[in-house]
Amino acid sequence: MTFVLRRLASMVPVLIGITLVAFLLIHLIPGDPAKVILFGSNATPEQIDQLRTQLRLDQPLWRQYLDFLGQLLHGDLGTSYLTQNSVAHELFSRAPSTLVLTASALLVAIAVGVPLGLVAGTRPNSAFDKVARAVSFLGVAVPYFFLALVMVLLFSVNLGWLPAIDDGTVAGLVIPAVSLGWGYAAILTRLVRGRIIDEYRSEYVKSARARGCPEWRVLLRHALRNSSIPAITTIGLQFGNILTGAAITEVIFGRAGLGSFLATSITNKNIPVVQGAVVVIGIGYVLINLVVDVIVGAVDPRTRIAVGAS
Amino acid sequence: MIDQVSSPGALPRRQLLRLAAMTAAGAGLYPLLAACGRGSSESSAAASGPGKPGGTLTVGIPSTPDTLDPGATGLALTLLISMAMFDPLVWWLPTSGGGSEFVPGLAESWTVSPDASVYTFKLRKDVTFHDGTKFDATAVKATYDHVVDPATKSKSGLGALGPYKQTTIIDPYTVEISFTEPNAAFMHQQAAGNFGIASPTALAKYGATGFGNNPVGSGPFKFESYATGDRLNLVKNPDYTWAPSALGSGPAMLDKLVFRIVADDAGRYNALQAGQLQIGMNLLPSNIDASQKSGKFTQLTVPSIGTPLGLPINVTKPPTDDPLVRQAIIYAVDQDKLVKDVLFGVYKAAHNVLTPITPGFSQQASTLYAYDPDKANALLDQAGWVKGADGVRTKNGQNLDLNIILFAGGGLELPTQFVVSQLKKVGFTATTTVQPFATAQGSYNAGQHNLGSFGYYGADPYLLNIWVNSDAIASGFNWSHYNNPEIDQEIGKANTTADDAARAAVYEQVGTTLMRDSIYLPLWDVNGAFTMPHTVKGLHTTLNGYITFHSATVA
């Protein structure tokens, strides 16, 4: 419990860092939001100035940042320049779509990567291992967006088995999740395979076998358990990468998620949305890493004690 | 392969192997794709008799509407949607002969004062909004007052309304819209979609910005639900009996009309082929070409009133401050070849500041610059730019270099590469940068570019005022930095002329002057492009490049 609390406390500087980076990045991109907002209304320069004042864009940057932090502490993410809806509403209506996509892609990565790595690792240099390595090589080498397009052409356009764009069903999630998760499955395969091979060479596995421990027990109870810590850590780190990939996957599949929304909002210089989205995604990332640490602690008591005692 | 590995083992391992087998199938994807990529065997939805009522039509649109309130929106795309939910006072529609005509909408008749500053409308008495509110003069006043209300933060509507003074209710079914100065563009503007009449009850209930999430009009389709950034669901309005006969009288044929936002251009074509969309809007030219070659799709390319897509030429930044250099640029570019080679021939080459269907389009202005690289070379020689051994022209040690700035997503990236290759042939060098729209806007206003990117969908030739008026240099759309008080005045004069023919004559003159002053390199005409299976029928086109769904059918 103290472990979790300590970790939560250590998140605070990270979160402040996230808000600062989000704020600076969007403000340093050239372009005048007031002009974008008034696009098409034949606004006079005076009206544009007036709007700039109204949005407090004429204030010094540090002042705007403090305003933003103040709002944030009240749970207020501001109003979208484009739609005049609250940013919180815009983000939370899109967050489920991104969460579902990211979680499914992770699931694919784990469900494919871990078993493949396990089997390949127990039989290094077998035919199966060679195939697994080839598949994992392709997974790392082929960009996920290319894989997505190829899969759409094959399974949606030509075979008609799966939807080409999101339709709210599980079937509509298959191609996005598989294409996005595939590369990470490949990374996991390689990681788990390498670890299993190492573990099989270790003394405790030899002694377990010598005691007459059944082979499945050697694999699952000993080798897998010890291999799982780097795997879980990697999965946690990959969450962030998958989230990045989700932005492009969302565009390809017409999914109304956070990633695609953030990308268009940057182009429109929709400052409140960009700041809000980066903060929300940042918090999500930090929380996932916390969860990973807790899981690692559960799997391997050594880490838990080490952190708790320090 | 699987047999080789599956030595006798425990049950869990079998399950693992099944997964592995699936994985292995994935590795075979490449050869499969090669085999299927060109395949044409595909089961398409069985086509039953044409024009049957019922069903759902899903339209794939390229971007998210900023709001569903036509009076507030800044996106032309919103008007495609709003025209399904709202009626204007008067429709302005294309005729079968290629012309255009005004057709009664919510107004039975109308009169325009001789100086084009007061418009009086006699209203229909049998119209009811989707929320049950009766339509009358208060609704018209509420709609127009809503557009000018600062709380609405209206963009295109406010811009299109111009010098609005007030709306006066003469009696419950007579209303007068007046302007502080003559505004001859108004009849066209009020029909273009921004001024669909809104339920005054809903405006009061949801407020100036809330209405954008809860639109209530009197059109053939009613708002049902909107998942932001994802899909907009509309349902048939069974009480709709006030459609103009040109669009199909009586309620809509469809039960449901869905707008599905798919930002990826190729994604819309994929979804169309997979049967998830019945209409794909503005597909990539390459996909439109492929769809036509497949023989499975109908293509509806709807010309729009407006300024063709093209590159505004900055008349203040060297070397394009020299008219000879600007003329050379226009002579050096072969728009017909561009359209044929880069755009797969799906659009029309442009040679003018206005599209041909725009009132006031000048045929003469279109013939000023026929593709002529020799002429371009001669003009550059005349301007003192000397061609070196490497083919690059120089003057006083300076290369004849152009700074090209495009805004991302404008569709001009690839065509501009073609333009640059043609300009190189006559001795130019060029650097092209693509910037996000907000950034590009700032660069254009600051005049950092020689060539920018532009294109405008409009309702009336008065749209020229938006991008050639000298007031629009510092903060507006005058990205040519063109400063000609005479032209400002002429356009102003045109907009005070109520007589259509006289007005068109002024715009023709203006168009010719603008082309003579070589402030714009037109490339191709703006239009709306809609691709659909042959089963989709009954669509009508509008003058702003859109389609209406009043009598659309899917089976």
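The values are calculated or read from the model by the stated rules, or taken from the named source; none is laboratory data. What you are looking at is a predicted structure, and each value in this text was computed from that prediction instead of being measured. Every residue, glycine as well, gets a Cβ built from its backbone with ideal geometry; the counts of neighbours run over all protein chains shown. Side chains included, ligands, DNA and RNA excluded: accessible areas come from the protein's heavy atoms. Shrake-Rupley method; radii C 1.70, N 1.55, O 1.52, S 1.80 Å.
How many residues does region A:248-281 contain that are within 11 Å of chain B (Cβ to nearest Cβ) and either open to solvent by 30 Å² or more (accessible area, probe 1.4 Å) or touching a Gly at 6+ places or on another chain (Cβ under 7 Å) (or both)? So the answer is 14.
Being closer than 21 Å to A:Leu20 by Cβ and either hydrophobic (A, V, I, L, M, F, W, C) or more than 10 Å from every other protein chain (Cβ to nearest Cβ) (or both) is the filter here; which residues of region A:32-57 pass it? Within region A:32-57, A:Leu55, A:Arg56, A:Leu57 meet the criteria.
Looking only at region A:86-135, count how many residues are of a type in the set (S, T, N, Q), within 10 Å of another protein chain (Cβ to nearest Cβ) and out of contact with any Leu (no Cβ under 7 Å at 6 or more places or on another chain).
Initial filter on region A:86-135 (of a type in the set (S, T, N, Q)): A:86, A:93, A:97-98, A:102, A:104, A:122, A:125-126.
Okay, now just the ones that are also within 10 Å of another protein chain (Cβ to nearest Cβ), so A:93, A:97, A:122, A:126.
Restricting the remaining residues to those that are out of contact with any Leu (no Cβ under 7 Å at 6 or more places or on another chain) gives A:93, A:97, A:126.
So the count comes out to 3.
From the list A:Val174, A:Val192, A:Val205, A:Val178, the one residue that fits, being touching a His at 6+ places or on another chain (Cβ under 7 Å) and either within 18 Å of A:Val140 (Cβ to Cβ) or part of a helix (DSSP H, G or I) (or both), is A:Val205.
Are there helices (runs of 4 or more DSSP H) fully within region B:419-523 with at least 2 residues that are modelled with pLDDT of 95 or more? List them.
On the way: elements: B:437-446, B:464-468, B:485-494, B:500-516.
Where helices (runs of 4 or more DSSP H) fall fully within region B:419-523 and carry at least 2 residues being modelled with pLDDT of 95 or more, they are B:485-494, B:500-516.
Inside region A:244-301, can you point out the residues that are at negative phi and assigned to a loop (DSSP other than H, G, I, E, B)? Spell out how you get there, then give the answer.
First pass over region A:244-301, keeping only residues at negative phi: A:244-253, A:255-268, A:270-301.
Result: A:Phe253, A:Arg255, A:Ala256, A:Gly257, A:Asn268, A:Asn270, A:Asp300.
Among the residues of region A:158-168, those identified as out of contact with any Phe, Trp or Tyr (no Cβ under 6 Å at 6 or more places or on another chain) and within 19 Å of B:Val59 (Cβ to Cβ) are A:Pro163, A:Ala164, A:Asp167, A:Gly168. Reported count of residues in region B:75-90, each being open to solvent by 10 Å² or more (accessible area, probe 1.4 Å) and either aromatic (Phe, Trp, Tyr) or farther than 29 Å from B:Tyr173 by Cα (or both), is 3. No other residue among B:Leu33, B:Leu68, B:Leu57, B:Leu80 is modelled with pLDDT of 85 or more and in contact with a Leu (Cβ under 6 Å, 6 or more places away or on another chain) apart from B:Leu57.
The residue that is least open to solvent (accessible area, probe 1.4 Å), counting only those in region B:289-316 that are away from every other protein chain (no Cβ under 14 Å) and free of Cβ contacts under 8 Å to residues at least 60 places away in the same chain, is B:Asp289.
Tell me yes or no: at least one residue of region B:266-288 is within 17 Å of B:Gly528 (Cα to Cα), facing chain A (nearest Cβ under 8 Å) and out of contact with any helix residue (DSSP H, G or I) (no Cβ under 9 Å at 6 or more places or on another chain). Within region B:266-288, none of the residues are within 17 Å of B:Gly528 (Cα to Cα), facing chain A (nearest Cβ under 8 Å) and out of contact with any helix residue (DSSP H, G or I) (no Cβ under 9 Å at 6 or more places or on another chain).
Is there a residue in region A:151-159 that is buried (at least 22 other Cβ atoms within 10 Å of the Cβ), touching a Pro at 6+ places or on another chain (Cβ under 8 Å) and not hydrophobic (A, V, I, L, M, F, W, C)? The answer is yes; a qualifying residue exists.
Of the listed requirements (1) farther than 21 Å from B:Thr78 by Cβ; (2) in a loop (DSSP other than H, G, I, E, B), B:Ala263 misses just one: (1).
How about region B:140-183: which of its residues are in a helix (DSSP H, G or I) and more than 13 Å from every other protein chain (Cβ to nearest Cβ)?
The initial filter retains those residues of region B:140-183 that are in a helix (DSSP H, G or I), namely B:140-148, B:150-152, B:156-161.
Answer for region B:140-183, where residues must be in a helix (DSSP H, G or I) and more than 13 Å from every other protein chain (Cβ to nearest Cβ): B:Val140, B:Lys141, B:Ala142, B:Thr143, B:Tyr144, B:Asp145, B:His146.
Do the conditions hold for A:Val299, that is, is it open to solvent by 20 Å² or more (accessible area, probe 1.4 Å), under 25 Å from the mean Cα position of the chain (by Cα) and at pLDDT below 80?
Details: open to solvent by 20 Å² or more (accessible area, probe 1.4 Å): yes; under 25 Å from the mean Cα position of the chain (by Cα): yes; at pLDDT below 80: yes.
Yes; evaluated as a whole, the condition is true for this residue.
When only residues in region B:122-139 that are in a strand (DSSP E or B) and open to solvent by 10 Å² or more (accessible area, probe 1.4 Å) count, which is nearest to B:Gly250 (Cα to Cα)? Step by step, filter region B:122-139, then rank; the result is B:Thr128.
Considering each residue of region A:10-28 in turn, at least one proves to be more than 10 Å from chain B (Cβ to nearest Cβ), more than 20 Å from A:Val274 (Cα to Cα) and open to solvent by less than 30 Å² (accessible area, probe 1.4 Å).
Kindly list the number of the only condition in (1) in a helix (DSSP H, G or I); (2) open to solvent by 20 Å² or more (accessible area, probe 1.4 Å) that fails for A:Gly212. It fails just one condition, (1). The residue that is nearest to A:Ile16 (Cα to Cα), counting only those in region A:69-81 that are surrounded by fewer than 23 Cβ atoms within 10 Å (Cβ to Cβ) and of a type in the set (A, V, I, L, M, F, W, C), is A:Leu69. The residue that is farthest from the other protein chains (Cβ to nearest Cβ), counting only those in region B:223-239 that are in contact with an Asp or Glu (Cβ under 9 Å, 6 or more places away or on another chain) and modelled with pLDDT of 95 or more, is B:Lys236.
Considering only region B:331-354, state which residues are touching an Asp or Glu at 6+ places or on another chain (Cβ under 7 Å) and modelled with pLDDT under 95. Can you show your working first?
Of the residues in region B:331-354, the ones touching an Asp or Glu at 6+ places or on another chain (Cβ under 7 Å) are B:331, B:344, B:346-350.
Hits for region B:331-354 are B:Phe344, B:Val346, B:Tyr347, B:Lys348.
Scan region A:162-194 for residues that are touching a Pro at 6+ places or on another chain (Cβ under 7 Å) and crowded, with 21+ Cβ neighbours inside 10 Å and the total you get is 1.
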